[in-house]
Each structure stands twice: as C-alpha cells, then as structure tokens.
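Undergrad: For reference, the structure I am asking about is given below.
Please treat every number below as a calculation from the coordinates, not as lab data. Source: prediction; values computed, not measured. Here the Cβ positions follow ideal geometry from the backbone for every residue, glycine too, while neighbour counts run over all protein chains shown.
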C-alpha cells in the first residue's frame, strides 16, 4: 500500500474536520497507527481503546513495539476492554466502542467486504447504520495486503 498517499489522504480528511481534533483508535499496526500518528502530528488528542488485556503481548510484534509504545505514551487516554484475550469478539467490541465515541469515521478501506467478522467493511457498515459520516481513504494503486 502506498503509505505516503494514505497518510496524505488521512491528513486531508482530518484537516477538514476542524478543531478540536480528537482521534480514537485501537492502534492496530498499519492504518490504525498511521491515523493515530496523523492525529498527533496535527496537534490533536489521541484516545486509545485496546480490545483486550493481552493485546500488547499477543498482537504487538517486536518490530512494531517502539511505535506502539510511543503512541500509547502520547495518548490522552487509554481504555482496555474487559476481554482477557484478543480475538474476534474483542475486536468487534473495540470497533463498537470506537463508533460509540466518535462523531465521524475515517476509514482506510478498499471498498471490499470484510475479510472476517469485524473487518473494516463491517465497521464501515456499522458506522453507516449509526448515521455517522464516513470518509473513505483509498489511493489509486493501493492494494490490500
């Protein structure tokens, strides 16, 4: 995926939001962390919702640990959902918690159905069902990994 173009798209979407800028993310590697970084770079506040108690140990790989820890440290709040294990149920609950705390959604999404229960396509559909405005960022030439 052309990350620079995605970062530019997310930056454009967030600058159109206005102030105060508060971004909410689960900090998954990739687009979630890129979103969080852009929020912070724009001077916004970052709120983090972790899906489960074991999220750091189970999902954050050594080559991404420094980035994850920096973002956690810079977050204005960190909430861990009451799940012991990071699994699909925890991820779906985390997505619902995010949607319950935002006024709009910026989705890095190729428009394709979710590749599993609770994927980006499902979250976008849930945002639409809640009548949340959704801005989709998917640059030309981007491919799903």
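Undergrad: Report, to two decimal places, the Cα Rg of region 1-44 normalised by 2.2 N^0.38 Å (N = number of residues).
TA: 1.07
Undergrad: What does the extension gain come out to for residue 73 and residue 114, with contour length at 0.36 nm per residue minus their alpha carbon separation?
TA: 11.7 nm
Undergrad: With only alpha-carbon atoms in the gyration tensor, what are the semi-axes of the equivalent ellipsoid for region 3-137, in Å, largest first?
TA: Ellipsoid semi-axes (Å, largest first): 21, 19, 14.
Undergrad: Please state, to two decimals, what the Cα-based radius of gyration of region 70-143 comes to when divided by 2.2 N^0.38 Å (N = residues).
TA: 1.20
Undergrad: Taking the square root of 5 times each eigenvalue of the Cα gyration tensor, what semi-axes in Å does the equivalent ellipsoid of region 23-70 have, largest first?
TA: Semi-axes from the Cα gyration tensor: 19, 12, 8 Å.
Undergrad: Any idea what the relative contact order of the chain is, in percent, if you count C-alpha pairs under 8 Å spaced at least 6 apart?
TA: RCO, the chain: 25 percent.
Undergrad: Using 0.36 nm times the number of residues separating residue 140 and residue 12, minus their current alpha carbon distance, what extension gain do you get?
TA: 44.5 nm
Undergrad: Place a point 7 Å from Cα of residue 58 in the direction of its Cβ. Which residues in region 90-129 have their backbone N less than 13 Å from it?
TA: 90-94
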